[in-house]
Amino acid sequence: MKAVGFYSLFFILMAFTSLEAQVGYGNNGYGRRNSGFNNSNNGSMMSNQPNGMDSQKAAQINIDKIIVKLKTDLNLDDLQVFGITKVITDSNKSREVALKKNEASQDDLIKELAAISEKTNREINSMLSKAQKVKYKAYIDEVELEQRKR
């Protein structure tokens, strides 16, 4: 049953970062490279197109959204917010590294991502009180339910 919680946190993080990819990196999501503008407009009109730095900002925004939700739902103090933010950020970086490895098989990748999720959940739970752990479990269950609906 704990594995379900670990996977659901992993899927939360994946859902937020996968939304970035669906926005249309490189093609504005519409299959056109320049959004219908000619190349002379690239300097001004294409400045909104995501690049490497923007994807990092988007990932940080997604992490911030998760933290705000957890802070309000679990009634976290500032020290817990700081610690959980660090754990989720590190987890996100580890997941990105794992996903970029080309030599790993699909099964190895799934095992590595599950291990990252398990470690993340374990570290987050270590920072929570008993009452917060119950609320966190409910939060994970809610996210898992949303994932199943997709």
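For segment 50-113, rounded, prolate or oblate, judged on the Cα gyration tensor with a ≥ b ≥ c (square roots of eigenvalues), a/c < 1.5 rounded, else prolate if a/b > b/c?
Details: a/c = 3.07, a/b = 1.68, b/c = 1.83.
In terms of gyration-tensor shape, oblate.
Across all directions, the average flat footprint of the convex hull enclosing the Cα atoms of segment 88-150 is 5.0 nm².
Taking label points 7 Å from Cα along the Cα-to-Cβ direction, residue 108 and residue 65 give a separation of 3.3 nm. Computed from label points 7 Å out along Cα-Cβ, the spacing between residue 133 and residue 77 is 1.8 nm.
Quick check on my link table: of 71/93; 101/133; 69/101; 86/135, which ones sit more than 28 Å apart, alpha carbon to alpha carbon?
Working: 71/93 21 Å; 101/133 33 Å; 69/101 31 Å; 86/135 20 Å.
Table pairs above 28 Å Cα-Cα are 101/133; 69/101.
Ligands, DNA and RNA excluded, the heavy atoms of residue 103 present near 150 Å² of accessible surface to a 1.4 Å solvent probe.
The values are calculated or read from the model by the stated rules, or taken from the named source; none is laboratory data. These figures come from a predicted structure and were not determined experimentally. Glycine also receives a Cβ, built like all others from the backbone with ideal geometry; neighbour counts cover every protein chain displayed. We work out accessible area using only protein heavy atoms, side chains counted, and drop any ligands, DNA or RNA first. Shrake-Rupley method; radii C 1.70, N 1.55, O 1.52, S 1.80 Å.
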